[in-house]
Amino acid sequence: MGVEPRLPDVPERQNGEILGVGVDLVHISGLAEQLHQPGTVFAERAFTARERRDAARRADVTGSAQAEHLAGRWAAKEAFIKAWSQAVNASAGRAVPPQLSPEAVYWREIELITDRWGRPSLRLTGAVAVAVTDSLGDGAAGPQHWPVSLTHDGDWAAAVVLYSASRSVSLDRPDRA
């Protein structure tokens, strides 16, 4: 007769609205090896055409390996899953099962996009966007709710993803067109 492990306490929801955070670290050379295996379709299954183009463009501009930029994107996708899970638990006030099984996650539905200044966020589509909306409410799948920070150092890429339930603040000023 075993004792069932106790689930961790869920943080209290605050008015501050950061309900989830995810962090992931990817070994760049390990990902590069996976990308270069003969017959692999990992890149096509894991990344959108836009993500692959952006990674290639960034590699050309910086003189770095494309795998470095794809590793950061892969870390962001994994970090998103962790942030989403935390946010769902915080919203429910208790630990709840994952909204999608790992096998049901279509990784291209989690796309790392950047604004015109290169700042990253996530664009969610398909079943992932539906599940996020079902679990966190209308509008929760919007990129403004999923800020991302990426970093690369040596042979490692890391990402931090937040889920922010607060409304985005408009910085538009009337004197700017």
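The values are calculated or read from the model by the stated rules, or taken from the named source; none is laboratory data. All values reported here derive from a predicted model rather than from experimental measurement. Using ideal geometry, Cβ is built from the backbone for each residue, glycine included, and neighbour counts are taken over all protein chains shown. The area values use the complete protein model at the heavy-atom level, side chains included, leaving out ligands, DNA and RNA. Shrake-Rupley method; radii C 1.70, N 1.55, O 1.52, S 1.80 Å.
Here are the numbers for the structure shown:
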item: Checking Val148 against (1) at pLDDT below 90; (2) within 23 Å of Phe42 (Cα to Cα), the condition it does not meet; result: (1)
item: Pairs with Cβ under 6 Å, 6+ apart, first in the stretch 98-109 and touching a residue at least 24 places away in the same chain (Cβ under 8 Å), second of a type in the set (Ser, Thr, Tyr) and assigned to a loop (DSSP other than H, G, I, E, B); result: Arg108/Thr48
item: Given (1) open to solvent by 50 Å² or more (accessible area, probe 1.4 Å); (2) under 16 Å from Ile28 (Cβ atoms), number of the condition Ala43 does not satisfy; result: (1)
item: Matching residues, the stretch 82-117, being among the small types (Gly, Ala, Ser) and out of contact with any Lys or Arg (no Cβ under 9 Å at 6 or more places or on another chain); result: Ala83, Ser85, Ala87, Ala92, Ala95, Ser101, Ala104
